[in-house]
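Rule-based calculations on the coordinates, nothing more; no lab input. Since the structure is predicted, the reported quantities are computational estimates derived from the model, not experimental observations. Positions of Cβ are backbone-derived with ideal geometry, glycine not excepted, and every protein chain shown enters the neighbour counts.
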Amino acid sequence: MYILGIETSCDDTAAALVTQRGGRFVVERSCVSSQIDIHKIYGGVVPEIAGRKHADSIIPVIREALGNTRPDAIAVTAGPGLVTSLVVGVEAARALSYAWGGVPIVRTNHIEGHIYSTLLGETAPTEIAFPAMALIVSGGHTELILMRGHGDYTLIGRTRDDAVGECFDKAAKVMGLEYPGGPKISKLALEGKRDAIAFPRPMKTSDDFDFSFAGLKTSVLYYLRDNPTANHADVCASFEQAVTDVLVAKTVRAAQEYNTASVILSGGVSANRYLREGLRAALVRELPECAVLIPELQYTTDNAAMIAAAGWFHAQNKDYTQWSAITADPAWELVN
């Protein structure tokens with residue numbers, strides 16, 4: 001079976017052709033058209049502009065991903081995300097399904113795609129050991145999700161305000177760093193001292209598994225206001241340390257409480273090297289028998305291969321949506 005994945009939830013127009021061989025996902029072609037150079041002018045994604053750029057790019061990207069292959073199914077991101085962006089991908093999937101005589105469509109959740117990004121690449125595992133604790137960290141999401149099986153999700157905790165990726169971008173903005181700010185902070189942090197500034201660790205020791213990053217972002221703002229000549233490398237390193245301490249502590253504690261066989265780290269912020277290394281080290285120390293699944297760097301950001309991989313498991317159960325019925329849902333929660 002060949003699955004065409006389509007992803008247009010935010011500002012990346014992506015399509016991928018994915019299959020399985022020997023129980024392992026094989027990405028035949030993965031194509032992404034980025035809009036970063038456009039949106040960095042505004043310091044963030046402008047929904048109306050993103051939608052128009054998706055409309056310009058969607059057909060060329062799909063053609064490049066398909067080559068001469070007619071897929072057996074189409075997996076498309078239907079939510080969550082920006083409605084102006086989602087509609088472009090969904091409408092493309094509807095049109096292709098109709099034109100190809102009813103090729104089935106899998107209505108796919110963007111967050112579920114991030115979870116299955118851990119199964120992509122030559123070094124990736126072939127399966128997820130259940131139960132699994134998934135930490136999803138991106139510009140729009142910070143969630144801990146217990147996964148007891150394919151399609152079986154329970155929300156354990158989530159941010160009460162800013163997502164961690166949003167916090168990175170806003171902290172970068174007050175330092176005058178160019179959007180997107182997360183990679184810029186991580187690069188500067190390599191030159192700084194991680195204990196230079198005592199930024200808070202919000203909700204690190206709370207009795208639940210929720211997160212809060214708005215206060216940490218404000219702490220960076222106030223610190224820079226009161227220390228205008230501060231070393232930005234020290235600010236970045238101390239900030240990154242604070243974020244990592246909270247995410248790692250909560251994830252390890254959740255994995256211990258639910259006795260999980262594996263821990264998943266995914267989403268755009270999972271590209272952060274310090275977070276990747278910190279979580280691995282903590283799990284080796286605290287839960288040495290627990291497997292750690294982290295996507296290869298090329299699959300951490302939004303891509304269509306992960307949507308195809310998530311769609312694969314739904315396709316095995318014939319969990320399809322008619323082309324005439326599928327719609328975009330910008331507020332679609334993987335777990336209510």
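Things worth noting here:
- Look at K217, K318, K173 and count the other Cβ atoms within 10 Å of each Cβ; fewest to most, that gives K318, K173, K217.
- In the chain, helical runs assigned H by DSSP with n ≥ 4 each contribute -39500 (n - 2.57); averaged across all residues and rounded to the nearest 500, the mean residue ellipticity at 222 nm is -12500 deg cm²/dmol.
- Beta bridges from DSSP with both residues in the chain: antiparallel share about 60 percent, rounded to the nearest 5.
- Alpha-carbon centroid distance for the pair the range 254-330 / the range 113-167, whole angstrom: 4 Å
- Distance from the alpha carbon centroid of the range 194-211 to that of the range 66-109 works out to 41 angstrom.
- Take each peptide in 135-148, 240-253, 88-101, 188-201, count the other Cβ atoms within 10 Å of every residue, and average; sorted highest first, the result is 135-148, 240-253, 88-101, 188-201.
- Among beta bridges identified by DSSP and lying wholly in the range 132-294, the antiparallel ones come to about 55 percent.
- Stretch gain in nm, segment K187-S324, where the contour uses 0.36 nm per residue and the Cα spacing is subtracted: 44.7 nm
- Computed from Cα atoms, the angle from the helix 214-226 axis to the main principal axis of the chain rounds to 50 degrees.
- With 23 Å as the limit, the listed pairs K187/K217; K40/K193; K184/K217 have K40/K193 beyond it between alpha carbons.
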